[in-house]
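The values are calculated or read from the model by the stated rules, or taken from the named source; none is laboratory data. Quick caveat: nothing in here was measured; it's all calculated off a predicted structure. In this analysis, Cβ positions are derived from the backbone assuming ideal geometry, glycine residues included, and neighbour counts consider all displayed protein chains. Just so you know, the surface numbers come from the protein's heavy atoms only, side chains and all, with ligands and any DNA or RNA stripped out. Shrake-Rupley method; radii C 1.70, N 1.55, O 1.52, S 1.80 Å.
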Amino acid sequence: ILIDPMHEGAYVTLAKLLAEQEKWTELIGLCQTGLGFFPNRTELHKGHIQALRQVGGFEASCTAYGMVRIDKKPIQMASNDLLISLGVKNEICRLPWYLTHYRRLGIQHFFVVDNGSDDGTLEYLMEQPDVYVWRSNLSFNAANGGASWAEIFLQEFGVGRWCLIADADEILVFEGVETDSPNPLATFCHQLDQDRKRAASGLALEMYSDRPLLHTHCTPGKNFLDICSYFDKKYFQEFEPPAAAHPNQAFHWGGMRKRVFGDDSDYILTKTPLLKYQSDTLIPSGFHYTNFPAEQIAHQAICVLHFKYFSQLITSAAKLFNRYKDIEYGDEFKAYVAQLKAYASVKDDVFYDPAVSVQYLGPDQLVELGIIRSTQEKISA
């Protein structure tokens with residue numbers, strides 16, 4: 001590191017050694033230096049948070065990442081309770097349905113970092129009995145695309161339990177999600193335990209309407225699927241089998257965004273948002289992968305329906321670009337922010353194309369299309 005301060009691997013290796021030797025103060029200094037050069041290196045964020053907790057507890061890690069709790073609800077969790085971690089900024093239109101969906105699935109606790117909302121989001125969250133709210137003015141990039149906020153929550157509240165990391169525009173679906181029985185996600189996680197899995201991965205599907213973006217309005221409390229019910233049946237263009245950097249998972253790329261916005265950037269579709277957190281779990285920016293062995297991951301067991309394309313996106317495109325542009329997967333925003341801004345003056349633009357668009361009918365349809373593996377396939381995978 002003295003010879004070459006930009007040797008990224010050296011920081012990661014030394015951080016691991018310092019953690020093994022429990023040299024927490026040295027580890028804090030090393031990670032802070034390394035993150036100055038490599039702000040999205042997940043291993044350095046994890047080591048930093050781990051060391052801060054050892055030296056100053058949960059509050060020290062919160063302080064380092066700008067997190068200040070602003071509600072006073074008691075946090076009482078049973079051993080089998082499920083939790084969600086999310087970061088939000090100006091999501092008042094999405095949050096009512098988001099909470100409705102995940103409460104129905106059986107989520108009992110929502111741990112939220114508000115990153116500077118000014119549209120009523122914060123006030124709404126404070127009124128929710130199962131939502132615990134912190135506020136942070138730290139840049140999204142400095143928090144590793146929000147992953148470090150999730151890491152802090154899960155180190156404190158998530159060890160040994162199933163945890164979901166899902167943005168306000170992401171809706172998790174899986175076989176059994178539409179059952180009338182209570183707590184379908186708990187049932188799903190129990191099956192994962194039975195199959196000796198520690199995580200569930202799957203694809204993100206970009207959802208859109210058959211109307212112009214200008215007229216695709218998100219109404220608070222309304223089911224997202226009543227607004228944006230279409231996705232591309234050709235749901236990816238490129239497939240990358242497990243490789244050296246991530247030998248445990250395959251990756252899918254492309255989707256609707258590549259069809260509409262072109263080839264200027266790649267769009268990674270693989271997500272691993274549901275995991276049974278342990279002290280060795282890595283939580284990367286974008287939540288696209290995990291460090292668990294391949295046999296401990298239920299591959300393509302879930303799908304994340306992604307509801308980005310509401311009319312509000314037109315006015316927020318420039319701000320969204322500034323928020324994401326420096327993170328690990330931020331280059332994708334360069335290709336379509338300009339086009340989104342242009343949509344503000346266009347009345348007939350649509351993502352819908354009758355040649356490729358299909359209407360969402362439920363998880364059984366996703367199994368038939370190969371987006372979700374069937375239960376039997378998951379058990380044998």
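Against the conditions (1) within 24 Å of residue 269 (Cβ to Cβ); (2) in a helix (DSSP H, G or I); (3) out of contact with any Cys (no Cβ under 6 Å at 6 or more places or on another chain), where does residue 140 fall short? Just the number, please.
The one condition residue 140 does not meet is (2).
Checking the condition without any contact (Cβ under 8 Å) to a residue 60 or more places away in the chain, in contact with a Ser or Thr (Cβ under 6 Å, 6 or more places away or on another chain) and assigned to a helix (DSSP H, G or I), which residue from 52, 44, 99 passes?
One residue alone meets the criteria, 52.
Name, by its number, the condition in (1) part of a helix (DSSP H, G or I); (2) of a type in the set (Gly, Ala, Ser); (3) open to solvent by 40 Å² or more (accessible area, probe 1.4 Å) that does not hold for residue 78.
(1)
Mind checking which pairs have a first residue in region 241-261 that is assigned to a helix (DSSP H, G or I) and a second that is among the polar types (S, T, N, Q) and surrounded by fewer than 17 Cβ atoms within 10 Å (Cβ to Cβ), Cβ under 6 Å, 6 or more apart or different chains?
Sorted first by the residue in region 241-261, then by its partner, the pairs are 258/237.
Which of the residues spanning region 143-157 are buried (at least 21 other Cβ atoms within 10 Å of the Cβ), outside any loop (DSSP other than H, G, I, E, B) and either out of contact with any strand residue (DSSP E or B) (no Cβ under 6 Å at 6 or more places or on another chain) or β-branched (Val, Ile, Thr) (or both)?
Selection gives 147, 148, 151, 152.
Going residue by residue through region 330-342, is there one that turns out to be at pLDDT 95 or above and either open to solvent by less than 30 Å² (accessible area, probe 1.4 Å) or not in a loop (DSSP other than H, G, I, E, B) (or both)?
no
So which residues in region 158-193 are of a type in the set (D, E, K, R), touching a residue at least 24 places away in the same chain (Cβ under 8 Å), part of a loop (DSSP other than H, G, I, E, B) and closer than 20 Å to residue 98 by Cα, if there are any at all?
167, 169, 175, 178
Consider region 280-301. How many of its residues are closer than 20 Å to residue 193 by Cβ and outside any loop (DSSP other than H, G, I, E, B)?
8
Could you please find all residues in region 234-276 being under 19 Å from residue 167 (Cβ atoms), in contact with a Leu (Cβ under 8 Å, 6 or more places away or on another chain) and charged (D, E, K, R)?
271
What are the residue pairs meeting all of these: first residue in region 62-86, first residue within 21 Å of residue 99 (Cβ to Cβ), second residue among the β-branched types (Val, Ile, Thr) and at pLDDT below 95, Cβ atoms under 9 Å, and 6 or more apart or on different chains?
As it stands, the answer is 85/283, since those pairs meet every condition given.
Within 28 Å of residue 40 (Cα to Cα) and touching a residue at least 60 places away in the same chain (Cβ under 8 Å): does that describe residue 144?
Against the criterion (within 28 Å of residue 40 (Cα to Cα) and touching a residue at least 60 places away in the same chain (Cβ under 8 Å)), residue 144 qualifies.
Please go through region 15-39 and give me each residue that is open to solvent by 60 Å² or more (accessible area, probe 1.4 Å) and either within 28 Å of the chain's Cα centre (by Cα) or at pLDDT below 95 (or both), ordered by number.
Our first condition is that a residue be open to solvent by 60 Å² or more (accessible area, probe 1.4 Å); within region 15-39, this holds for 16-17, 20-23, 25-26, 32-33, 36-37.
Matches in region 15-39: 16, 32, 33, 36, 37.
Failed condition for residue 168, given (1) farther than 20 Å from residue 75 by Cα; (2) open to solvent by 10 Å² or more (accessible area, probe 1.4 Å); (3) touching a helix residue (DSSP H, G or I) at 6+ places or on another chain (Cβ under 8 Å), with all others met?
Residue 168 satisfies every listed condition except (2).
Test residue 243 against the criterion of being out of contact with any strand residue (DSSP E or B) (no Cβ under 7 Å at 6 or more places or on another chain), surrounded by 15 or more Cβ atoms within 10 Å (Cβ to Cβ) and either over 30 Å from residue 310 (Cα atoms) or of a type outside the set (Ser, Thr, Tyr) (or both), and give yes or no.
no
Name every residue in region 201-230 that is open to solvent by less than 20 Å² (accessible area, probe 1.4 Å), closer than 19 Å to residue 174 by Cα and either out of contact with any His (no Cβ under 9 Å at 6 or more places or on another chain) or small (Gly, Ala, Ser) (or both), in order of residue number.
Selection gives 201, 202, 204, 228, 229.
Within region 194-221, track down each residue that is more than 22 Å from the chain's Cα centre (by Cα) and in contact (Cβ under 8 Å) with a residue 24 or more places away in the chain.
195, 196, 209, 210, 211, 212, 213, 214, 215, 216, 217, 219
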